[in-house]
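Down below is the structure, laid out as structure tokens.
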Amino acid sequence: MNITKDTVVTLRYQLSDAQGNLIEESSEPMVYLHGGYQNTLPKIEEALGGKAAGYQVTIQVEPEDAFGEYDSELVKIEPRNLFPEELEVGMQFEAAPDDDPADAHVFTVTDIADGKVVLDGNHPLAGMALRFALNVIEVRKASDEEIAHGHVHGPHGHHHHGDDDEDSDQFRSIQLQ
Ligand SMILES: [Zn+2]
């Protein structure tokens, strides 16, 4: 079966930087719903469209097609007292400017010093050209329910816990000054 809109694709991937240094290797296969559901990068969908199980390809994706250019405006320094007592570098918070609550980003704590906390709202892979080695393992037709939900169900896919797990808030929210 070929990869077309509304098929479920199972693949293994290796993610490297543009110099070929390994960043991440999938320990479990990644599964996504193909067809513009934003389950994966559009460039990956583009590379795999029309292909079948067994297909292997390596693609290079520029920052603008991956996790964006590095934006120094997304680095913020905030007073320590905005944060919970337990705080360490690497913790993540969702934060939005006071005047624009819709413009929320996930910020990672990158430094804590002198009563201040440095937050970086860039994706850890922002500004990087990335190389994906992709290996298609399985292609199947999506169920009607998966198409309606816009994501894959079942093993390695999306699991529903309770009534309302979609985009459950995994980050504590803070308000930027
Ligand atoms: Zn679902």
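The values are calculated or read from the model by the stated rules, or taken from the named source; none is laboratory data. This structure is a prediction, so every number in the text was calculated from the model and none was measured. Note that we place each Cβ from the backbone using ideal geometry, even for glycine, and neighbour counts take in every protein chain shown. Ligands, DNA and RNA are excluded from the accessible area calculation, which covers all protein heavy atoms including side chains. Shrake-Rupley method; radii C 1.70, N 1.55, O 1.52, S 1.80 Å.
Counting only residues 5 or more places away or on other chains, whose amide H sits under 5 Å from the amide H of residue 121 once H atoms are built in the peptide plane?
Excluding prolines and chain starts, which carry no amide H, the hits are 75, 76, 108.
For region 30-171, with every protein chain kept in place, what is the accessible area per residue (1.4 Å probe, Å²)?
Values: 8400 Å² over 142 residues.
It amounts to 59 Å² per residue over region 30-171.
Would you mind checking which residues have amide H under 5 Å from residue 58's amide H? H placed 1.01 Å from N; only 5 or more apart, or other chain.
Placed amide hydrogens put 134 under 5 Å from residue 58.
When the accessible area of region 1-156 is split by element with a 1.4 Å probe, what percent falls to carbon and sulfur?
Result for region 1-156: 46 percent of the exposed heavy-atom area is carbon or sulfur.
Let me confirm the definition first: pairs of Lys residues in the chain, 8 or more apart or on different chains, C-alpha distance under 17 Å. How many are there?
Details: 5/43; 5/51; 5/141; 43/51; 51/141; 76/116.
Number of lysine pairs found: 6.
Distance in nm between label sites at residue 137 and residue 70, each 7 Å beyond Cα in the beta-carbon direction?
Between residue 137 and residue 70, the simple spin-label model gives 3.4 nm.
Could you run the Karplus curve 6.51 cos²θ - 1.76 cosθ + 1.60 with θ = phi - 60° over region 73-89 and give me ³J(HN,Hα) per residue in whole Hz, x for Gly and Pro?
5, 8, 9, 10, 10, 10, x, 4, 6, 6, 10, x, 4, 7, 9, 9, 4
At 20 °C and 1.002 mPa s, what whole-number value in µm²/s does Stokes-Einstein give for the translational diffusion of the chain, with Rh from the Kirkwood sum over Cα pairs?
Reported coefficient: 116 µm²/s.
Report, by chain and number, residues whose modeled amide H sits under 5 Å from the one on residue 158, excluding near sequence neighbours (fewer than 5 apart, same chain).
Residues meeting the amide H criterion: 152, 153.
Taking R0 as 25 Å, what's the FRET efficiency between residue 2 and residue 46 from their Cβ-Cβ distance, rounded to 0.05?
Values: r = 14 Å, r/R0 = 0.58.
Computed FRET efficiency for residue 2 and residue 46: 0.95.
Sort the following peptides by mean Cβ neighbour count (other Cβ atoms within 10 Å, averaged over residues), highest first: 80-88, 92-100.
Ranking the peptides 80-88, 92-100 by packing returns 92-100, 80-88.
Applying the Karplus parametrisation 6.51 cos²θ - 1.76 cosθ + 1.60 with θ = phi - 60° to the phi angles of region 107-112, what ³J(HN,Hα) value in whole Hz is obtained for each residue in order, glycine and proline being reported as x?
Whole-Hz 3J(HN,Hα) from phi for region 107-112: 10, 10, 5, 10, 7, 9.
Ranked from highest to lowest mean number of other Cβ atoms within 10 Å per residue, what is the order of the peptides 125-133, 101-109?
Top to bottom by mean Cβ count within 10 Å: 125-133, 101-109.
Output wanted: per-residue J couplings in Hz (rounded whole) for region 44-49, from phi through Karplus 6.51 cos²θ - 1.76 cosθ + 1.60, θ = phi - 60°, x for Gly and Pro.
So the Karplus estimates, Gly and Pro as x, are 6, 4, 4, 6, 9, x Hz.
Region 23-101: Rg/Rh from Cα coordinates, Kirkwood Rh?
Values: Rg = 18.6 Å, Rh = 17.0 Å.
So for region 23-101, dividing Rg by the Kirkwood Rh gives 1.10.
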